[in-house]
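Participant: Okay, handing you the structure first.
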Amino acid sequence: MSSLEISQYLPTLSIITTATFVVATPIYILGFVRFIRNRQHIIIAKRFPVLCVLMSLSSFLSAFLLAARFWIERFHEHPLPQLSAGVGFIAYGLVNLRLYLILVRHTQSQNLLQHLRRLSNRDVLQTSRKSSEATPTAMYCSWSCTCLCLFIVIGGCWIGCGSRLLPSYYAVIGAAVWMSQIVTMLVLLIMVRVKRVKDGIGCLRETILILIALSVVAVISPLAVIHEKMVIPVFVLFSITSYMQGAASLYGGLYYVRKMHLLNAKISNEIEQPLHAYLQKYENYCLLRDYMCVCWAGENLLFLQNVAIINQLVRRLKQQQHQPQSEDSVSTTDSAGAAAAVALNTEFEFAYLVN
């Protein structure tokens with residue numbers, strides 16, 4: 001829709017977007033204060049707190065720029081660049097970047113564990129003496145992450161200022177860029193679901209909600225061109241969606257912090273017996289499982305389980321190398337080591353918490 005057609009609605013749009021800004025500002029301030037207070041749990045939950053803050057700030061800035069644009073165009077005849085749309089594109093790109101980093105972190109940890117399992121005894125001992133080196137998988141992830149960041153920045157700059165550079169191609173290229181953003185989000189969601197990634201508490205649900213909101217906006221936007229009465233509702237939806245996206249990044253993590261505290265208080269009040277006796281009831285087991293999955297990401301527990309076992313096996317192999325023994329004693333040591341490995345596997349077993 002052209003700026004001339006929007007100009008007649010500028011007084012109403014400027015007032016409504018300003019009202020939403022006034023309502024959203026204290027909500028954001030409260031969210032940032034609580035987010036900073038609980039930043040340690042956000043880090044433990046592996047939710048990328050820096051990206052969460054950037055997502056919230058960019059979403060808030062996008063809605064603010066939309067309100068400022070209406071006020072400026074209300075008193076000036078010249079249309080302004082689509083800065084709010086460009087910042088909004090960056091906000092959605094940061095959502096994809098966080099989901100991609102979660103997928104990369106899960107893939108790297110699984111590849112590392114599989115590689116350690118395949119190593120022979122000699123390879124394990126040699127690897128333990130070497131310094132860490134960049135693997136091809138790590139290099140590929142670094143390059144792909146850099147390309148995704150460049151795409152987010154360049155796409156946001158084009159959508160924000162491209163109308164002044166190449167106005168004839170702005171609509172076509174802008175639509176292609178937005179479509180690639182949505183396709184990227186869909187692909188990442190499918191890959192996370194297929195690989196059953198349990199990393200980053202709540203990030204997958206937030207991304208699905210943001211995708212639904214983005215799809216609703218994409219479907220309703222053409223109505224502003226078809227019918228003039230839909231101009232005000234569409235732009236109000238733009239503003240509200242931006243605020244909700246930023247608030248989801250803040251309050252999503254705070255929701256799990258509160259849930260952890262509630263479950264912790266409930267378990268502390270109910271446990272009046274040893275833990276093994278408490279877990280004999282299935283209801284108590286479910287309660288503890290929910291608490292562990294909220295307090296620690298399920299992926300952390302599974303990784304800790306495998307790393308603890310591998311660490312004990314590497315230490316046992318080192319002891320065997322530095323203490324040469326006879327064949328009978330070696331066979332006895334191997335049997336004891338196998339029994340110790342089974343015991344460790346039982347001791348650090350966390351898979352039942354996420355099944």
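Participant: Among the residues of the range 162-171, is there at least one that is under 22 Å from L94 (Cα atoms), modelled with pLDDT of 80 or more and not basic (K, R)?
Facilitator: There is at least one residue in the range 162-171 that is under 22 Å from L94 (Cα atoms), modelled with pLDDT of 80 or more and not basic (K, R).
Participant: In the range 184-207, which residues are among the hydrophobic types (A, V, I, L, M, F, W, C), open to solvent by less than 70 Å² (accessible area, probe 1.4 Å) and within 23 Å of M244 (Cβ to Cβ)?
Facilitator: M185, L188, L189, V192, I201, C203, L204
Participant: For the structure I just gave you, tell me whether M244 is in a helix (DSSP H, G or I), at pLDDT 80 or above, surrounded by 15 or more Cβ atoms within 10 Å (Cβ to Cβ) and out of contact with any Pro (no Cβ under 9 Å at 6 or more places or on another chain).
Facilitator: yes
Residue-by-condition table, conditions (1) in a helix (DSSP H, G or I); (2) polar (S, T, N, Q); (3) over 18 Å from A85 (Cβ atoms):
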| residue | (1), (2), (3) |
| --- | --- |
| C149 | yes, no, yes |
| C157 | yes, no, no |
| G160 | yes, no, no |
| V197 | no, no, yes |
| I208 | yes, no, yes |
| V217 | yes, no, no |
| F238 | yes, no, no |
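Participant: May I pose another question? Among (1) modelled with pLDDT under 85; (2) under 23 Å from L103 (Cβ atoms), where does Y9 come up short?
Facilitator: (2)
Participant: Of I102, I72, which residue is assigned to a helix (DSSP H, G or I), modelled with pLDDT of 75 or more and buried (at least 22 other Cβ atoms within 10 Å of the Cβ)?
Facilitator: I102
Participant: Out of curiosity, is S168 touching a helix residue (DSSP H, G or I) at 6+ places or on another chain (Cβ under 8 Å), among the small types (G, A, S) and either free of Cβ contacts under 8 Å to residues at least 24 places away in the same chain or more than 30 Å from Q108 (Cα to Cα) (or both)?
Facilitator: Spelling it out, it is not the case that S168 is touching a helix residue (DSSP H, G or I) at 6+ places or on another chain (Cβ under 8 Å), among the small types (G, A, S) and either free of Cβ contacts under 8 Å to residues at least 24 places away in the same chain or more than 30 Å from Q108 (Cα to Cα) (or both).
The values are calculated or read from the model by the stated rules, or taken from the named source; none is laboratory data. Quick caveat: nothing in here was measured; it's all calculated off a predicted structure. Positions of Cβ are generated from backbone atoms using ideal geometry, with glycine treated the same way; all protein chains shown enter the neighbour counts. When the accessible area is computed, the model is the full protein with side chains, heavy atoms only, and any ligands, DNA or RNA have been set aside. Shrake-Rupley method; radii C 1.70, N 1.55, O 1.52, S 1.80 Å.
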